[in-house]
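Here is the structure we will look at.
The values are calculated or read from the model by the stated rules, or taken from the named source; none is laboratory data. A quick note: this is a predicted structure, and the numbers were derived from the prediction, not measured. Note that each Cβ is placed from the backbone with ideal geometry, even for glycine, and that neighbours are counted across all protein chains shown. Note: areas computed on protein heavy atoms with side chains; ligands, DNA, RNA excluded. Shrake-Rupley method; radii C 1.70, N 1.55, O 1.52, S 1.80 Å.
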Amino acid sequence: MALNLEQINKDLKHKSPIEIVNWALSVSERPLVTTNFRPYEAAILHVTNSVKKDIKVIWCDTGYNTPNTYKHAEELIAQLNLNVKLFVPKQTEAHRNVVLGIPSVDDPSHKLFTEQVKLEPFKRAMTEYQPDVWFTNLRKGQTAFRDSIDIVSQDKNGVLKVSPFYNFSDEALDEYLDENQLPNEFKYYDPTKQLENRECGLHA
């Protein structure tokens with residue numbers, strides 16, 4: 001997909017999230033949205049689902065989510081009637097706990113752990129659905145890498161990555177959730193990141 005990203009981002013800079021989603025869908029044949037049901041994910045799920053009710057929602061569940069996250073996921077799936085496609089690691093958590101455990105980020109085995117619980121299921125999902133547009137909830141200020149992209153970027157495979165809430169603060173997202181009567185949940189755990197300002201490997 002040959003597009004002038006600089007001009008597109010300039011044009012979209014002051015557009016609302018729903019306008020950004022509408023634009024992205026106008027240039028897409030195979031859109032999808034990914035989620036891990038972390039805090040504020042309700043926003044991206046709501047805005048994409050409100051424009052395209054049957055949009056594929058890819059959930060790569062590491063198997064290490066908190067009970068709160070699983071309850072939150074079930075609540076959102078029911079409230080928005082999400083078209084969820086679930087992808088999980090090929091090895092169970094119980095088996096991995098015996099042979100690998102959850103390595104610290106400094107442990108050489110952490111790379112293998114991340115590949116098993118997050119990257120492999122994600123690659124499998126992308127291979128199966130071959131998206132041309134990928135909606136995410138990346139936002140400016142989350143990590144150094146995310147500060148370097150924009151509302152619309154392109155991954156190494158040419159997939160257009162669209163972040164409708166890229167310039168939103170937590171406060172602005174709180175307001176969006178309140179206005180649309182959407183739940184939020186902060187008791188979330190990502191075993192591949194462990195620190196909030198680390199990339200998980202999917203986006204960098």
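Hey, what's the range 1-148 come to in accessible area per residue, 1.4 Å probe, Å²? Don't skip to the answer; put the middle values down first.
Numbers: 7490 Å² over 148 residues.
Ligands and nucleic acids excluded, the figure is 51 Å² per residue.
Per-residue accessible area (protein heavy atoms, 1.4 Å probe) orders Arg124, Arg38, Arg30 as Arg30, Arg124, Arg38, starting from the largest. Compared with the alpha-carbon gap, the fully stretched path from Leu3 to Tyr129 is longer by 43.2 nm at 0.36 nm per residue. Taken along the Cα-to-beta-carbon direction at a fixed 7 Å, the label points for Ser104 and Val88 span 3.0 nm. Accessible surface comparison of His14, His95, probe 1.4 Å, protein chains only, largest first: the order is His14, His95. Note on the chain: antiparallel DSSP beta bridges, both residues inside, total approximately 15 percent of the bridges counted.
Modelled spin labels at Asn81 and Arg38, positioned 7 Å past Cα toward Cβ, are 3.0 nm from each other. Annotation: amide H-H contacts under 5 Å for Lys56 (H modelled 1.01 Å from N, sequence separation of 5 or more, or interchain): Val33. Measuring nothing but protein heavy atoms, the accessible surface of the range 1-144 at 1.4 Å probe radius is 52 percent carbon and sulfur. Using the rule -39500 (n - 2.57) for each DSSP H run of four or more residues, divided by the residues of the chain, the 222 nm mean residue ellipticity is -11000 deg cm²/dmol.
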